[in-house]
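What follows is a short report on a single structure.
The values are calculated or read from the model by the stated rules, or taken from the named source; none is laboratory data. Remember, predicted model here, so these are calculated numbers, not experimental data. So basically every Cβ, Gly included, is an ideal-geometry build from the backbone, and we count neighbours across all protein chains shown.
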Amino acid sequence: MSFIKFLGTAGARFVVMKQLRASGGAWLSVGKTNLYIDPGPGALVRCLHSKPKLEPSLLDGILLTHKHLDHSGDINVMIEAMTEGGFKKRGILFAPADALEEDPVILKYVMGYVEKVEVLKEDSEYRIGDIPFSTARKHQHRVETYGINFKISPHTVSWMTDTKFFPELPNLYRGEILIVHVVRLKPIGDGPIDHLSIEDVKMILKKAKPKLAILTHFGMTMIKAKPWVVAAELEKELGLKVIAASDGMKLDLERDLKN
Ligand SMILES: [Zn+2]
């Protein structure tokens, strides 16, 4: 079965620091390929405590959308776990250049454990085993950040990671399943917060019209508003299927999206 398992749904500093939600990122499994996305703080623990257990030594690769700590906190230990303590050189690491070069988040000695490093760039195509994917345009997010379009079947999946809203955004992610990082309930004007609010997500969903939208990466204002309530309101208003991810939620990627 192809699936995504959410090992964390926390977004931004306070929800992560206080662990109001877990912050372990997500495990994507398609056919025979396992790819870890954004191993934030707690990723290893969440894998091993998952039921059934997710075994990091079965990973084929790890993908980092950007180097912020809530996405990369466990990257080193996850690489070590993937490579069985560094004794089995294996796996592909996908990451933007600024996570690898200047002020890198991956230790040099750990980098030597992976078989291959692929640098994520704008509008580029990649493949790991049964998972072909592409990046879109660089996000507006202070550090180098890329969202991903997974070209998998039977449903394509778009992963709209952290970004400030920009007008082209809805057109870049046209997956049948759209996963959106929505940190804030309300926008805060032209402030320095490089994150989407529910107002932004409304605009995005109206244009992108996915068959299923999944909200995740919640900040404090979203947690207080109860993400499942916000998702139900969006679903009613837009006439699209919208769900809020929860820690440990497993999404069957072969499901019939009409149900
Ligand atoms: Zn970020």
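Rundown of residues vs (1) under 24 Å from L185 (Cα atoms); (2) free of Cβ contacts under 8 Å to residues at least 60 places away in the same chain; (3) among the aliphatic types (A, V, I, L, M), yes/no style:
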| position | (1), (2), (3) |
| --- | --- |
| M1 | no, no, yes |
| G8 | yes, no, no |
| G25 | yes, yes, no |
| N34 | no, yes, no |
| C47 | no, yes, no |
| I79 | no, yes, yes |
| I92 | no, yes, yes |
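Restricted to region 70-94, and to residues that are within 16 Å of the ligand (Cβ to nearest atom) and outside any helix (DSSP H, G or I), which residue is surrounded by the fewest Cβ atoms within 10 Å (Cβ to Cβ)?
Filtering first and then ranking leaves G73.
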Selection count, region 49-72, where residues are in contact with a Lys or Arg (Cβ under 9 Å, 6 or more places away or on another chain), without any contact (Cβ under 8 Å) to a residue 60 or more places away in the chain and more than 16 Å from I4 (Cβ to Cβ): 2
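I'd like to know if region 114-121 contains one or more residues that are in contact with a Lys or Arg (Cβ under 8 Å, 6 or more places away or on another chain) and either away from the ligand (no atom under 16 Å from the Cβ) or assigned to a loop (DSSP other than H, G, I, E, B) (or both).
Within region 114-121, one or more residues are in contact with a Lys or Arg (Cβ under 8 Å, 6 or more places away or on another chain) and either away from the ligand (no atom under 16 Å from the Cβ) or assigned to a loop (DSSP other than H, G, I, E, B) (or both).
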Going by the conditions given, is A231 within 19 Å of the chain's Cα centre (by Cα), surrounded by 17 or more Cβ atoms within 10 Å (Cβ to Cβ), of a type in the set (G, A, S) and part of a helix (DSSP H, G or I)? yes
Out of L215, L240, I need the residue that is part of a loop (DSSP other than H, G, I, E, B) and closer than 27 Å to M1 by Cβ. Which one? L240
Exactly one of G239, G175, G189, G248 is at pLDDT below 95, of a type in the set (G, A, S) and out of contact with any helix residue (DSSP H, G or I) (no Cβ under 7 Å at 6 or more places or on another chain), and that one is G189
